[in-house]
1. Counting partner chain Cβ atoms within 10 Å of every residue's Cβ in B:118-130, what's the average?
2. For B:80-88, what's the mean count of beta carbons from other chains sitting within 10 Å of each residue's beta carbon?
3. Accessible area of chain B with a 1.4 Å probe: how many percent of it is carbon plus sulfur?
4. Debye calculation, C-alpha points only, no solvent: report log10 I(q)/I(0) for segment A:14-54 at q = 0.17, 0.34 Å⁻¹, in the same order as the q values.
5. Do you know the relative contact order of segment B:129-185, to the nearest whole percent, from alpha carbon pairs under 8 angstrom that are 6+ apart?
6. Span-like helices, chain B: DSSP H, alpha-carbon axial extent 20 Å or more, mean Kyte-Doolittle 1.0 or greater, which ones?
7. Can you give the alpha-carbon Rg of the protein assembly as shown over 2.2 N^0.38 Å, where N counts its residues?
8. Could you pull out the longest piece of chain B with no exposed loop chymotrypsin sites (Phe, Trp or Tyr not before Pro) in it, calling a site exposed if DSSP puts it outside H, G, I, E, B and it has at most 12 other Cβ atoms within 10 Å?
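The values are calculated or read from the model by the stated rules, or taken from the named source; none is laboratory data. This is a predicted model, so every value here is computed, not measured. Here the Cβ is made from the backbone with ideal geometry for all residues, glycine too, and neighbour counts use every protein chain on show. Heavy atoms of the whole protein, side chains included, go into the accessibility calculation; ligands, DNA and RNA do not. Shrake-Rupley method; radii C 1.70, N 1.55, O 1.52, S 1.80 Å.
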Amino acid sequence: MSTLAQSTVATTVLPFVAAMLIGLGIVTLAGHVQAAALHDAAHDVRHATGFPCH
Amino acid sequence: MFQKILTSALFAGFCAGLIAAALQLAFVQPVLLHAELYEGGELAHFATPPASADPELPGFDPVRDGLSILFSALIYVGYGMILVACMAFAAMRGAQIDARRGIVWGIAGFVAVHFAPAVSLPPEVPGVAAADIGARQIWWWGTVAASATALALIGFGKGWPAWGAAILLLLAPHVIGAPHPDAFAGPVPPEIAALFAARALGTGLAAWAVLGLLAGYFWQRESASA
């Protein structure tokens, strides 16, 4: 049973990691990247969401 | 599996993002615009005669506020992807996921992403003095990672070694300390800064509770129909 559970984890862990990385990428891009255009567009939301902004 | 995570996260994140945007525009944006009057020098703290606490503020700006709605939806879709990925992983290991339990997940997400960093680096109103942005971002990510790991250990850990590690992880970022400015030079009155931080946290809590609820709901629905 534990061997079965372990192999299931090994073969299906990819979707979680992929979803997690996409989510982290979106939050980084929208919330943290300091490029001027992105910063200005997301400015109010960054402040309101508690991200370090300037 | 990936499809299921993506569908649940998109629906839940987009709805929560719209609710967050509505709450932010109603409750946070007026405080932010008020602060910007001080940041831009149109109002001055300790001026004579004292500046009115209730000045005329700009109204709804289609471009500026439209972008805020867009980015709010985007950020909560990102949060949704992370939250549903964690839910899916827990579900695979035997945890029950539904809308009611989703609320607890959402509140945990709020604590990890908003509340824990805010304890040492409160949401910043425009115009406040702050330390270097890079240093604050590194501290923010480190605090979020430590706090999220701690909450997972509290929720799923069994016994004191896990809970003890969780307590240390929750405390560590604040014992280390967030980067703070060398001198305070913010022109914005503390009344506005305090209200801004409180409103930002309040809307964050509401949006994350909705995000968790919807993520749990859509996840259970997707699982039932799969």
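1. Other-chain Cβ atoms within 10 Å of each residue's Cβ, averaged: 3.
2. 5
3. The nonpolar share, carbon plus sulfur, comes to 69 percent.
4. Taking Cα atoms of segment A:14-54 as identical point scatterers yields -0.47, -1.11.
5. Normalised by residue count, the contact order of segment B:129-185 is 52 percent.
6. Length and hydropathy pass: B:2-23, B:62-92, B:133-156, B:160-176.
7. For the protein assembly as shown, the normalised Cα radius of gyration is 1.07.
8. In chain B, the maximal stretch lacking such sites is B:61-183.
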